[in-house]
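The block underneath contains the structure these notes are about, expressed in structure tokens.
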Amino acid sequence: MQLTLVHTRYQLLEIVRIPIALIGSAFFPAAAMLFFVVPFAGKDPIGATYATASMVTFSVMSANIFQYGIGVAEDRDQPWNPYTRTLPAGPGPRLAGRVLAGLALTYLSLIPVLVISATLTAARITPLAFLLAIGTVAVVSVPFTLMGLAIGYSLPSKAAIVVAQIVFFPLAFGGGLLSSPGEAPGFIEVIAPYLPTRGAAELMWATVGDYPMRPLSLAMLGFWVVVLGSLAVWAYRRDEGRRFS
Amino acid sequence: MILARADQVTRRYGDVLALDRVDLTVHAGEMVGLLGPNGAGKSTLMNLVVGLRRPTSGRIELFGGDPRDPASRRQLGMTPQETGLPGTLRVGEVVDFVAAHYPDPVPRDELLDRFGLTDQLRRQTGGLSGGQRRRLAVALAFVGRPRLVLLDEPTTGLDVEARRTLWDAIRAFHAEGGTVLLSSHYLEEVEELAERVVVIGHGRVLADDSVDAVRSVVGVRRVGFVADDLPALPGVVRSELIEGRHHLLTTDADQLVRDLVAAGVAFTDLEVRPTSLEEAFLAITAEERPRDEPPVTAASGR
């Protein structure tokens with residue numbers, strides 16, 4: 001446990017030393033807030049709250065896909081990574097440290113969205129719902145963390161960057177994150193429940209308002225967690241087998 | 001007491017046979033040099049000993065256990081490749097990070113002082129010079145008060161002074177009872193540090209003996225010249241005639257030249273060159289080894 005925290009701290013240190021990396025994951029959702037949410041839904045308390053929840057989901061998704069997808073792939077290129085395997089600890093603390101650091105950065109990347117929402121829109125939330133939402137963010141991080149790990153452990157870093165960029169936008173758009181609940185274009189309403197982003201967004205919406213979750217979206221979210229989890233485990237094992245067997 | 005052991009270890013990478021039935025035993029308190037040309041299999045053997053790789057067949061033991069079990073590595077120290085240090089972390093942070101993995105690490109300031117890095121404490125490793133990076137990389141092997149340290153080419157590419165600093169630190173560790181397995185492709189480095197040398201070539205152990213014994217074998221010179229007829233000459237390990245040019249391998253080139261002159265051989269275009277380790281060992285271990293040669297004792301795995 002102690003060692004996990006040490007690894008967490010060093011992961012964070014390495015990222016914080018290159019602050020532009022932090023700005024990257026926070027920029028897109030904050031910009032989307034300013035360009036789409038503030039002018040269109042800013043005055044309507046309910047709409048603005050849902051829209052903020054959508055942007056939070058968007059932010060969680062992009063932060064996780066990018067930091068794990070690209071971060072892991074880049075680390076695998078470094079000889080430092082095998083060196084840490086010669087220290088008297090298994091790969092567990094390093095992986096756990098990476099996930100904890102990732103979660104911390106995910107929360108950090110949400111701050112701009114929340115600040116914009118609080119100051120420039122009519123969105124409102126009760127303190128209890130806000131606390132619940134903090135927990136929901138951790139839950140919603142799970143599928144995207146697994147997706148990022150699957151990308152990072154299966155691809156070389158140059159390919160990981162491209163794949164992370166390619167998957168993240170259709171997921172955001174297709175899941176209906178860029179529109180209010182129920183108001184996305186027709187074809188998106190049809191495909192949305194089948195994407196992990198939708199189930200994640202509905203969880204956020206249900207936490208901050210009284211959005212009725214659809215069983216299909218929730219079931220699909222569970223399905224995605226299993227699929228992405230299996231993919232991540234497969235990619236991790238394959239990488240271990242190739243490099244350490 | 002045996003700290004590390006390889007027993008008939010073979011390792012393949014696809015079609016490439018990197019190690020071929022290698023035996024190696026490192027006892028407590030030894031300073032063993034692993035000598036061989038690039039690509040001989042030294043790094044593969046080291047990676048097997050620290051548990052980064054699994055042997056294709058055979059057995060590796062580290063402190064009596066499987067090196068892939070973290071508990072077996074508690075008294076092991078290893079060097080990262082210098083290029084692998086995380087560039088954004090400061091020197092002190094890297095040391096603290098590694099120290100966090102051990103129950104009783106060497107205090108940071110003491111370690112940095114021993115490796116002449118005290119002034120670099122707050123520098124990011126990405127900004128260090130090559131020599132400083134290498135010293136830091138070697139220092140990391142000693143953080144956890146190991147009983148066995150593995151150093152893979154510890155001073156390759158270093159200037160003379162930096163090399164001396166490292167050598168002194170390694171010697172000090174050994175003087176206090178530490179065990180060292182270091183690889184190098186410099187005979188000089190192994191001579192300077194090690195008591196026992198294991199020569200590896202083409203994935204095999206070619207010799208496993210004291211430094212003196214191996215030096216006499218490795219110190220083979222190639223004497224080349226053009227001449228018609230050659231009398232029998234003493235001390236020639238191997239002779240070849242390629243396009244009218246004689247190539248004689250000998251452990252004492254000076255004496256051979258004197259003998260040539262004394263025998264009245266009308267040679268021209270004389271050339272004396274050191275042989276590569278590989279060349280020397282291939283020559284020595286070839287079948288036609290003369291009986292008066294110092295034998296390559298305990299040559300195992302062949």
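Count, for each residue of B:92-101, the Cβ atoms from other chains sitting within 10 Å of its Cβ, then give me the mean as a whole number.
That works out to 4 on average.
Once the piece of chain linking residue B:88 and residue B:175 is laid out straight, how much longer is it, given 0.36 nm per residue of separation minus the C-alpha distance between them?
Extra length available between residue B:88 and residue B:175 comes to 27.8 nm.
Distance between Cα centroids, region B:6-23 to region B:148-191: provide it in whole Å.
Result: 26 Å between the Cα centres.
Once fully extended, how much extra length lies between residue B:12 and residue B:268, figured as 0.36 nm per residue of separation less the alpha-carbon to alpha-carbon distance?
87.5 nm is the gain from fully extending residue B:12 to residue B:268.
Show that you can apply the helix-only estimate: for chain A, add -39,500 (n - 2.57) for every DSSP H stretch of four or more residues, divide by all residues, and state [θ] at 222 nm to the nearest 500.
Taking each H run of at least 4 residues, the total per residue is -26500 deg cm²/dmol.
Can you pull the one-decimal nm distance between simple spin-label points at residue B:69 and residue B:1, each 7 Å off the Cα toward Cβ?
A separation of 1.7 nm, rounded to one decimal place.
Using Cβ counts within 10 Å as a stand-in for footprinting exposure, how do A:141, A:54, B:239, A:180 rank, fewest first?
So the ranking, lowest neighbour count to highest, is B:239, A:180, A:141, A:54.
Mean residue ellipticity at 222 nm from the helices of chain B, using -39,500 (n - 2.57) per DSSP H segment of n ≥ 4 over the full residue count, to the nearest 500 deg cm²/dmol?
Calculated from helices alone, the mean residue ellipticity at 222 nm is -8000 deg cm²/dmol.
Distance between the C-alpha centers of region A:23-68 and region A:186-200? Whole Å please.
17
Please find the FRET efficiency linking residue B:164 to residue B:123, where r is the Cβ-Cβ separation and R0 is fixed at 25 Å, and quote it to the nearest 0.05.
For R0 = 25 Å, the calculated efficiency reads 0.70.
Need one number: nm distance between label points at residue B:242 and residue B:109, each 7 Å from Cα along Cα→Cβ, rounded to one decimal.
Result: 6.0 nm between the two label points.
Could you tell me the relative contact order of chain B? Use alpha-carbon pairs under 8 Å, at least six residues apart, and round to a whole percent.
Rounded, it is 20 percent for chain B.
Tell me the label-point distance for the pair residue B:188, residue A:239, using the 7 Å Cα-to-Cβ offset, in nm and rounded to one decimal.
Roughly 4.1 nm, to one decimal.
As I understand it, the value is the acute angle between the Cα axis of helix A:157-174 and the longest principal axis of the Cα atoms of chain A; what does it come to in degrees, rounded to 10?
20
So what's the angle, to the nearest 10 degrees on a 0 to 90 scale, between helix A:45-77 and the longest Cα principal axis of chain A?
10
Can you tell me what percent of all Cα-Cα pairs in region B:221-274 are more than 13 Å apart?
52
Quick one: order B:226, A:142, B:143, B:22 by neighbouring beta-carbon count within 10 Å, fewest to most.
B:226, A:142, B:143, B:22
Quick one: angle between helix A:127-154 and the longest Cα principal axis of chain A, in degrees between 0 and 90, rounded to 10, please.
Roughly 40 degrees, rounded to the nearest 10.
Ranking A:125, A:191, A:70, A:20 by Cβ neighbours within 10 Å, fewest first, what do you get?
A:20, A:191, A:125, A:70
In bins 10 Å wide, starting from 0, what share of all Cα pairs of the protein assembly as shown does each bin hold, as a percent?
3, 15, 20, 18, 14, 12, 8, 5, 3, 1, 0, 0
Would you mind telling me which residue in B:192, B:61, B:243 has the biggest mean-square fluctuation in a Gaussian network model of chain B, where springs connect alpha carbons within a distance under 10 angstrom?
B:243
FYI, it's all coordinate maths here, none of it is from the lab. Worth saying up front: this structure is predicted, and the values here are computed from it rather than measured. Counting neighbours? That spans all protein chains shown, and the Cβs are built from the backbone with ideal geometry, glycine included.
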